[in-house]
2 protein chains.
Amino acid sequence: MKTRIDALTRQINGVLEAHLPTGDVAPERLHEAMRYAVFNGGKRIRPLFSYGAASALQLEEDQVDTVAAAVELIHAYSLIHDDLPAMDDDDLRRGKPSVHRQFDEALAILAGDALQALAFRVLVSGGSENAGAAVTALADACGSVGMAGGQAIDLAGVGETLSLDELTAMHRLKTGALIRCALSLPALMYGADDDCVGALSQYGDAVGLAFQIHDDVLDVEGSTEELGKPSGSDIGSNKPTFPACIGLDASRAMAARLVQEARDQLTLLPGDTDLLAYLAGFSVERRS
Amino acid sequence: MKTRIDALTRQINGVLEAHLPTGDVAPERLHEAMRYAVFNGGKRIRPLFSYGAASALQLEEDQVDTVAAAVELIHAYSLIHDDLPAMDDDDLRRGKPSVHRQFDEALAILAGDALQALAFRVLVSGGSENAGAAVTALADACGSVGMAGGQAIDLAGVGETLSLDELTAMHRLKTGALIRCALSLPALMYGADDDCVGALSQYGDAVGLAFQIHDDVLDVEGSTEELGKPSGSDIGSNKPTFPACIGLDASRAMAARLVQEARDQLTLLPGDTDLLAYLAGFSVERRS
């Protein structure tokens, strides 16, 4: 599996490289900031979900290159904006200065804005007949009823005590919506029957939530070195987390249960589901 | 003409109203901020350019409703982000508190982000066969080689002395790209011959630049009350402007020449060009 993931990571990096303007094209510093944000050693989890969905649907992996790249560009833009002083105020991202620390705040805002536009451009560059439906799905996943909405609810919740239902609902938007989108776009663009779409959606729902719970767990138990950002930063900033809500052990148990739920869905898919099965496990086993 | 413009303004406001989530849908405050930014008494110049292009191309105006709305949503998001403390740091927008002053900075960033996503969603909601090409054009107009790129160059130019060519090139991106897009999208989505596309593009180029020069002139000679923001704020913040570059009289003359260039293009278009002719004049006659 490691060989396959390495190959797919190289593949998505190549696709991103081909679509991102180079730093010697004007405006140079903006393009440098965009590249700095995208090529920062990220694990490309969301693209891997898209490639995994492609295999599970018996598509060729390169049929979803542009989908995978679009979703990753949205993710990259969201990290830039989330790190801003007015948002989570993080100076580090994967062990390196966050974009507004490496460049400046204005350029960080603009780099995020430009990456979002680029994501939609890349999404339609594959030329699918279903481009309109794909754009709608990506816009919903990252807009006010998706990722951006989840971040707004998250920020409003700082210092508040959220119930487990509220916390779950927030993360279904903040991180879940884009992960579900990474999984459902391949089905949407190439046509898949309702059972497959349903299975991928439920898999994405479960894995997305497990992924977030594990993030919160890592923030408690991981080291700053492993995480590439200060550990304990969520608790320090009074953000609502699963461990704060239901405790560390119950959080771990809930994540493990969700991974099993996700894996159960994979039997309903016609193709090779090895990558999706691996990613489900990885979501709660990673150290950063 | 006033009756026609009033009717079209009501029309675009209705389209925007229909596409924006209401303030009683979660996340409520984010949706309120998005609406506050969009319904702030803006003149809807860019939608009027799209409607004018539709008439000039012998299309029905309502065929370009979604194009007009998408462009206006991009414009609204850009104003929110441009006003942020890290960017132009403007407390007022059309006489009212800017979004980050009325709400807070985090919500202003997110409202802009969500409006950009919504713009792409609205653009494809019309269901055109050319949705992919339209998305590409809008992404280019608002991304790093368009509006966002122009803003990056503008910020980098604070305190610098730009040549007239550099200033012109910056504004062709910062404000020109989206205006050209408002004009060219109707042609792109409904198919128009190359002469028409060329005429609309050159009209947009000239009017967009005239519009910006007049903005700079107004910043010097307009009153704070008329502008709805502090007059002299560009000069006060050391931003490069046309009056600073070539003087006030030469700026006025350059804008007038561009308006004539724009009007000359209109003879090449098959339909009713009254609205586009009016808008060309308005771009240099408005008081705010």
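Brief remarks on what is shown
- Verdict on A:ALA139 being modelled with pLDDT under 95, on the phi < 0 side of the Ramachandran plot and not polar (S, T, N, Q): no
- Screening the candidates A:SER251, A:SER237 for the property of being among the hydroxyl-bearing types (Ser, Thr, Tyr) and either under 17 Å from the mean Cα position of the chain (by Cα) or modelled with pLDDT under 95 (or both) yields one hit, A:SER237.
- Test: residue in the stretch A:153-161 that is crowded, with 19+ Cβ neighbours inside 10 Å and under 15 Å from the mean Cα position of the chain (by Cα): no
- Qualifying residue in the stretch B:164-184 (condition: of a type in the set (Ser, Thr, Tyr) and at the interface with another protein chain (Cβ under 9 Å from one of its Cβ atoms)): no
- Unmet criterion (only one of (1) within 8 Å of chain A (Cβ to nearest Cβ); (2) within 19 Å of the chain's Cα centre (by Cα)) for B:ASP90: (1)
So that you can scan it fast, the table gives a plain yes or no per residue for (1) among the aliphatic types (A, V, I, L, M); (2) crowded, with 20+ Cβ neighbours inside 10 Å; (3) assigned to a loop (DSSP other than H, G, I, E, B); (4) at pLDDT 95 or above:
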residue	(1), (2), (3), (4)
B:GLU166	no, no, no, no
B:ALA177	yes, yes, no, yes
B:GLN212	no, yes, no, no
B:ASP216	no, yes, no, no
B:ASP219	no, yes, no, no
B:GLU225	no, no, no, no
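- The stretch A:107-131 - residue that is modelled with pLDDT of 95 or more and surrounded by fewer than 24 Cβ atoms within 10 Å (Cβ to Cβ) and, of those, farthest from the other protein chains (Cβ to nearest Cβ): A:SER125
Here's the yes/no breakdown for (1) part of a loop (DSSP other than H, G, I, E, B); (2) touching a residue at least 12 places away in the same chain (Cβ under 8 Å):
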residue	(1), (2)
B:GLY14	no, no
B:HIS31	no, no
B:LEU48	no, yes
B:GLU72	no, yes
B:MET87	yes, yes
B:ASP90	yes, yes
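- Remark: B:THR161 matches the filter, which requires a residue to be of a type in the set (Ser, Thr, Tyr) and in contact with a Pro (Cβ under 9 Å, 6 or more places away or on another chain).
- Taken as a whole, the stretch A:44-67 holds no residue that is modelled with pLDDT under 95, closer than 15 Å to B:ARG121 by Cα and surrounded by fewer than 24 Cβ atoms within 10 Å (Cβ to Cβ).
The values are calculated or read from the model by the stated rules, or taken from the named source; none is laboratory data. As the structure is a computational prediction, the values presented were derived from the model and not from experiment. Glycine gets a Cβ as well: all are built from the backbone with ideal geometry, and neighbour counts include every protein chain shown.
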